[in-house]
Amino acid sequence: MGHHFVGIPELTGVPRVAVVVDVMRAFTVAAWAFSRGAERIVLASTVGEALALKASRPGWLALKDGAPAPGFDEVNSPGRLRSRDVTGRTLVQKTTAGTVGALAVADAPLVLCASFVVAGPTARFLQAHGREPVTFVVTGEEGRAEEDLACAEYIGHRMAGAAVEAAPYLHRARTSRAAAELAGGLRGGSHPDDVALCLELDRFPFAMVARREESLTVLRPVTVPGARPSPS
């Protein structure tokens, strides 16, 4: 395939095509936000920037990793976000790994943010645009997060067009360190359903593309022809 799989510290230069993977939980949360009606997600580099952006734009909402905190409307949890209506709203997202990885490659000509819930549409989007090879940014644990690497490899194989058995990749994610920490309540702002929600393959029928919009890095959903949401 010729794809590259790198951690954030290993990034050098500007890739031609980057897929930034954060399964647990940034880009699962982002997908849920779009499914709940969000118009766009602005990726913030710091907690202070997230709060400043929210304060300067009436109606914007902010979310971050960890436990609830003053000034933030939500935490980085799909289990918590899935019941919230954010129709037409702009969210500002700051997380420990996912948003950091996306901002690190924000100058690339094409940047997609991905997790298992949009894995198939992401692969189809890349196929349709003839974009190979891809630099997959494995955001967790400095590139060693098993759930992110499994998802990245799965998308890479799906791009080849052949049938791919998803179960082994989902098993790697389900038995990862991140999944164990979430299931054990060791990560702040978690919900009992977070792990299961992060492992819902192709839950949503869109890919997520990050682009520069003025001085901001903005994530938006892009409908992928032929993609169908999985049964809920």
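The values are calculated or read from the model by the stated rules, or taken from the named source; none is laboratory data. Predicted model only: the values in this text are computed from it and were never measured. Backbone-built Cβ (ideal geometry, glycine too); neighbour counts: all protein chains shown.
All conditions in (1) outside any strand (DSSP E or B); (2) touching a helix residue (DSSP H, G or I) at 6+ places or on another chain (Cβ under 7 Å) hold for residue 62, with the sole exception of (1).
Report yes if some residue within segment 7-26 is over 16 Å from the mean Cα position of the chain (by Cα) and not in a loop (DSSP other than H, G, I, E, B); otherwise report no. Yes, segment 7-26 contains at least one residue that is over 16 Å from the mean Cα position of the chain (by Cα) and not in a loop (DSSP other than H, G, I, E, B).
Condition test on residue 35, is it closer than 19 Å to residue 221 by Cβ and of a type in the set (Ser, Thr, Tyr)? Criteria met by residue 35. Taken over segment 164-198, residues that are assigned to a loop (DSSP other than H, G, I, E, B), farther than 19 Å from residue 124 by Cα and either among the hydrophobic types (A, V, I, L, M, F, W, C) or within 14 Å of the chain's Cα centre (by Cα) (or both) amount to 1.
Please give the strands (runs of 3 or more DSSP E) falling wholly within segment 85-152 in which 3 or more residues are modelled with pLDDT under 95, buried (at least 19 other Cβ atoms within 10 Å of the Cβ) and touching a Leu at 6+ places or on another chain (Cβ under 9 Å).
Details: elements: 90-94, 110-114, 135-138.
Qualifying strands (runs of 3 or more DSSP E): none found.
Among the residues of segment 183-226, those that are modelled with pLDDT of 95 or more and crowded, with 22+ Cβ neighbours inside 10 Å comprise 194, 195, 197, 198, 199, 203, 204, 207, 208, 210, 219, 221.
Take the conditions aliphatic (A, V, I, L, M), within 16 Å of the chain's Cα centre (by Cα) and either buried (at least 21 other Cβ atoms within 10 Å of the Cβ) or at pLDDT 95 or above (or both) and apply them to residue 52. Does it pass? So residue 52 fails the test.
Can you name the residue in segment 66-84 that is out of contact with any strand residue (DSSP E or B) (no Cβ under 7 Å at 6 or more places or on another chain) and without any contact (Cβ under 8 Å) to a residue 40 or more places away in the chain and is also surrounded by the most Cβ atoms within 10 Å (Cβ to Cβ) among such residues? In this case the residue turns out to be 69.
Given the structure, is residue 173 buried (at least 22 other Cβ atoms within 10 Å of the Cβ), within 13 Å of residue 23 (Cβ to Cβ) and not basic (Lys, Arg)?
On the way: buried (at least 22 other Cβ atoms within 10 Å of the Cβ): yes; within 13 Å of residue 23 (Cβ to Cβ): yes; not basic (Lys, Arg): yes.
Spelling it out, residue 173 is indeed buried (at least 22 other Cβ atoms within 10 Å of the Cβ), within 13 Å of residue 23 (Cβ to Cβ) and not basic (Lys, Arg).
Consider segment 94-150 and keep the residues that are under 21 Å from residue 50 (Cα atoms) and of a type in the set (Ser, Thr, Tyr). The one that is nearest to the chain's Cα centre (by Cα) is 99. Screening residue 2 with (1) small (Gly, Ala, Ser); (2) surrounded by fewer than 20 Cβ atoms within 10 Å (Cβ to Cβ); (3) out of contact with any Gly (no Cβ under 6 Å at 6 or more places or on another chain); (4) within 18 Å of residue 84 (Cβ to Cβ) gives one miss only, at (4).
May I ask you to say which residue of 23, 47, 42 is under 23 Å from residue 143 (Cβ atoms) and modelled with pLDDT of 95 or more? After applying the criteria, what remains is 23. When residue 68 is tested against (1) at pLDDT 95 or above; (2) over 11 Å from the mean Cα position of the chain (by Cα), only condition (1) is not met. Of the residues making up segment 34-59, those that are of a type in the set (Gly, Ala, Ser), under 14 Å from residue 84 (Cβ atoms) and free of Cβ contacts under 8 Å to residues at least 60 places away in the same chain number 2.
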